[in-house]
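Just so you know, all these numbers are worked out from the coordinates, no wet-lab data involved. None of these values were measured; they are calculated from a predicted model. No Cβ is skipped: glycine too gets one built from the backbone with ideal geometry, and neighbour counts run over all protein chains shown.
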Amino acid sequence: MGAIAFRPLAGYIGARVEGVALSETVDDDLAATLRTALFEHLILVFPEQYLDLARQKEVTEIFGPLRPVPYIEPMAGEPQVIAVLKKAEERNVGVFGGEWHSDFSFLKAPPAGSVLSAVEIPPYGGDTLWASQIAAYESLPTGLKDLIEGRDAVHTGAPYGVKHAPPQEARSGASIKMVRGDPAADRETFHPAVRTHPESGRKALFVNPIYTTRLDGLSEADSRPILERLFRHATRPDITCRHRWSAGDLVVWDNRTTLHYALNDYDGVRRLLYRTTFGDREPAHA
Ligand code: SIN
């Protein structure tokens, strides 16, 4: 492998990592370099890695402790892994992650980051987008910033699949199974609408269209127009990057400072990635 290089994918977010074979031993210095690069670029793309599940879990632990997934049925025998699968015969169904979100933001201590490893990728479509919530925060109009700075936003997992996916009967073939009635998902959780990254100290907007239902102290109806403005601002194309997957790619992202979106434009073709998540600190106010 050549020298390590981080090639930016877009102006505000994302880097492609060259010169790293994650199948080989990652020593402490390299691990520290990768963690620092993640805080700087927010998402890292490692092409052509082809890791098995055991190695994906070890690589995930470079960035933080692996954690089990709530609310979604994990892979059999692998409580820390979600198979993100859409089968060729699943047409006109929602896909997992098919709306802008930060993973499990409804938990009291949402994951610090996530890892996706690409196994089967359609010949076209199925890209993933990420948006920098540091850039979103830094470019917020003053009026909006004043409205949310120091305020909590309310998150709940319960609406997923109600607001953003087709009715249950239309999803009977969907490969991702939500566990209904999970208390970790169904209660209201309060997080700062602007949070401070514990490692980089940078401030980021922390609301998302799937799980954020209202602002603390306001009803859902009164929150709605403010949240709609925040969501539009948080997902402007200018602050995003987009990854066109190839089998073997491994992507790591910081859930505290990004939103992501899985494009659902590949009906009739199978797509499979394995997802792990890491870290679990409660978000801090800015
Ligand atoms: C997700 O983790 O939200 C899924 C992303 C994807 O399938 O591209």
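Report, by residue number, each residue of the range 97-153 that is of a type in the set (Ser, Thr, Tyr) and either within 11 Å of the ligand (Cβ to nearest atom) or touching a residue at least 40 places away in the same chain (Cβ under 8 Å) (or both).
Start the filter on the range 97-153 by keeping residues that are of a type in the set (Ser, Thr, Tyr), which leaves 102, 105, 114, 117, 124, 128, 132, 137, 139, 142.
Listed by number, the residues that qualify are Ser102, Ser105, Ser114, Ser117, Tyr124, Thr128, Ser132, Tyr137, Ser139.
Does any residue of the range 18-32 turn out to be among the charged types (D, E, K, R) and surrounded by 12 or more Cβ atoms within 10 Å (Cβ to Cβ)?
Just the residues of the range 18-32 that are among the charged types (D, E, K, R), to begin with: 18, 24, 27-29.
Next, from what is left, pick out any that are surrounded by 12 or more Cβ atoms within 10 Å (Cβ to Cβ): 18.
Yes, the range 18-32 has at least one match.
What about Arg244, is it of a type in the set (Lys, Arg), more than 14 Å from the chain's Cα centre (by Cα) and surrounded by 21 or more Cβ atoms within 10 Å (Cβ to Cβ)? Walk me through it before giving the result.
Details: of a type in the set (Lys, Arg): yes; more than 14 Å from the chain's Cα centre (by Cα): yes; surrounded by 21 or more Cβ atoms within 10 Å (Cβ to Cβ): no.
In short, no.
All but one of (1) closer than 15 Å to Asp254 by Cα; (2) surrounded by fewer than 18 Cβ atoms within 10 Å (Cβ to Cβ); (3) in contact with a strand residue (DSSP E or B) (Cβ under 8 Å, 6 or more places away or on another chain); (4) not aliphatic (A, V, I, L, M) hold for Thr36; state the number of the condition that does not hold.
(3)
Asp52 versus (1) surrounded by 15 or more Cβ atoms within 10 Å (Cβ to Cβ); (2) within 16 Å of Val252 (Cα to Cα); (3) of a type outside the set (A, V, I, L, M): which is the lone unmet condition?
Here Asp52 meets the rest and fails (1).
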